[in-house]
Amino acid sequence: MSRLIKNILLLGRPGSGKGTVAKKLLRDFNFVHLSTGDLLREQVRNSSVLGLNAKSYMDKGALVPDQIVLDIVKDYYTKLGKDGSPTLLDGFPRKLSQAKAMEVLDIPVDIVISLDIPSAVIVDRISKRYLHERSGRVYNLDYAPPKVPGKDDETGEPLIQRADDKPEVVIKRLEMFDIENNAIIDHYKQSKAVQFNSFTGTETDKIYPFILDWLSTFLQRRSK
Ligand code: AMP
């Protein structure tokens, strides 16, 4: 009998729609969600030593040192992840060193789903994002426009664009992200134990049915 599927990775650039795809996968499959971002934010809320340590990096938008992230991942697998439903890993690994550390920790990766969304699409998506600064309300000129252009629906106050949502900053961020992400992708493409697939397109709703179909077929075959 083939080995059970334990871990599925979801990789995608910032603005690629990874969060939406993760939500849909959790709706359609019996996966457990492991989001290192969520777990880190929880630690920050609890003001734990680990959380306080992580916060200074997260506030700058920088990656948290591997040791901190690996501690929460180890903790997750000790408590819940060993048996039962497969885990959907979202936001981890973010670096090749983290991917390699998973091997040392004996956390096998079975499936890698990579979202390959062109830079122009991401830049366009993000550059249409506007914010009401005081409340944090987010608008998108395409999907969720304000009732009055440039004004917050509730207060009528002006909307702003975050400095790091400006096209030139987004492009720089994508380039930085790609350096590590491409190394991770190459690593998994070379692994015989990993089923890798990359999905490309411009709209999450159009890409998702292909992911669903591919994953369902693969999981069905493996369960036989
Ligand atoms: P996310 O919600 O996945 O965007 O993560 C929010 C923040 O948590 C990131 O900007 C990083 O500071 C930190 N973080 C999450 N996952 C990782 C990871 N695998 N490695 C390093 N830092 C991470």
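Looking at segment 63-77, which of the residues that are assigned to a helix (DSSP H, G or I) and in contact with a helix residue (DSSP H, G or I) (Cβ under 6 Å, 6 or more places away or on another chain) is surrounded by the fewest Cβ atoms within 10 Å (Cβ to Cβ)?
If we filter segment 63-77 for residues that are assigned to a helix (DSSP H, G or I), which is where we start, we get 66-77.
Checking the rest, the ones that are also in contact with a helix residue (DSSP H, G or I) (Cβ under 6 Å, 6 or more places away or on another chain) come to 66, 68-70, 72.
Working: ASP66: 16, ILE68: 18, VAL69: 24, LEU70: 19, ILE72: 20.
My answer is ASP66.
More than 10 Å from the ligand (Cβ to nearest atom) and surrounded by fewer than 13 Cβ atoms within 10 Å (Cβ to Cβ): does that describe VAL49? Spell out how you get there, then give the answer.
On the way: more than 10 Å from the ligand (Cβ to nearest atom): yes; surrounded by fewer than 13 Cβ atoms within 10 Å (Cβ to Cβ): yes.
When the stated conditions are applied, VAL49 passes them.
Considering only residues that are acidic (Asp, Glu) and not in a loop (DSSP other than H, G, I, E, B), look in segment 183-224 and name the one that is modelled with the lowest pLDDT.
Among residues in segment 183-224 that are acidic (Asp, Glu) and not in a loop (DSSP other than H, G, I, E, B), the one modelled with the lowest pLDDT is ASP205.
Among the listed residues PRO108, PRO93, identify the single one that is out of contact with any Gly (no Cβ under 6 Å at 6 or more places or on another chain), at pLDDT below 95 and either among the aliphatic types (A, V, I, L, M) or not in a helix (DSSP H, G or I) (or both). Working first, answer last.
Working: PRO93 fails: at pLDDT below 95.
The conditions single out PRO108.
When you scan segment 39-61, do you find a residue that is in a loop (DSSP other than H, G, I, E, B), touching a residue at least 12 places away in the same chain (Cβ under 8 Å) and within 27 Å of VAL169 (Cα to Cα), even just one? Explain how you work it out, then say what you get.
Step one: filter segment 39-61 for residues in a loop (DSSP other than H, G, I, E, B), giving 46-48, 60-61.
Adding the requirement that they be touching a residue at least 12 places away in the same chain (Cβ under 8 Å) leaves 61.
Narrowing the set further to residues that are within 27 Å of VAL169 (Cα to Cα) leaves 61.
Yes; the residues of segment 39-61 include at least one that is in a loop (DSSP other than H, G, I, E, B), touching a residue at least 12 places away in the same chain (Cβ under 8 Å) and within 27 Å of VAL169 (Cα to Cα).
For segment 59-80, name all the residues that are of a type in the set (Asp, Glu) and either more than 12 Å from the ligand (Cβ to nearest atom) or within 16 Å of LYS95 (Cβ to Cβ) (or both). Quick ask: steps written out before the conclusion?
Of the residues in segment 59-80, the ones of a type in the set (Asp, Glu) are 59, 66, 71, 75.
Passing the criteria: ASP66, ASP71, ASP75.
Out of SER97, SER16, SER56, report the one residue that is surrounded by fewer than 17 Cβ atoms within 10 Å (Cβ to Cβ) and either within 9 Å of the ligand (Cβ to nearest atom) or under 18 Å from the mean Cα position of the chain (by Cα) (or both).
Values: SER16 fails: surrounded by fewer than 17 Cβ atoms within 10 Å (Cβ to Cβ); SER56 fails: either within 9 Å of the ligand (Cβ to nearest atom) or under 18 Å from the mean Cα position of the chain (by Cα) (or both).
The unique qualifying residue is SER97.
I need a count of the residues in segment 103-126 that are free of Cβ contacts under 8 Å to residues at least 12 places away in the same chain and either at positive phi or within 16 Å of the ligand (Cβ to nearest atom) (or both). If you could, list the steps in order and put the result at the bottom.
Taking segment 103-126 and keeping what is free of Cβ contacts under 8 Å to residues at least 12 places away in the same chain, we get 103-104, 106, 120, 124.
Okay, now just the ones that are also either at positive phi or within 16 Å of the ligand (Cβ to nearest atom) (or both), so 103-104, 106.
Final tally of qualifying residues: 3.
Considering only residues that are under 17 Å from the mean Cα position of the chain (by Cα) and within 24 Å of LYS6 (Cα to Cα), which ones fall in segment 30-41?
At the first step, the residues of segment 30-41 found to be under 17 Å from the mean Cα position of the chain (by Cα) are 31-41.
Selection gives PHE31, VAL32, HIS33, LEU34, SER35, THR36, GLY37, ASP38, LEU39, LEU40.
The values are calculated or read from the model by the stated rules, or taken from the named source; none is laboratory data. Because the structure is predicted, anything quoted here is derived from the model rather than measured. Note that we place each Cβ from the backbone using ideal geometry, even for glycine, and neighbour counts take in every protein chain shown.
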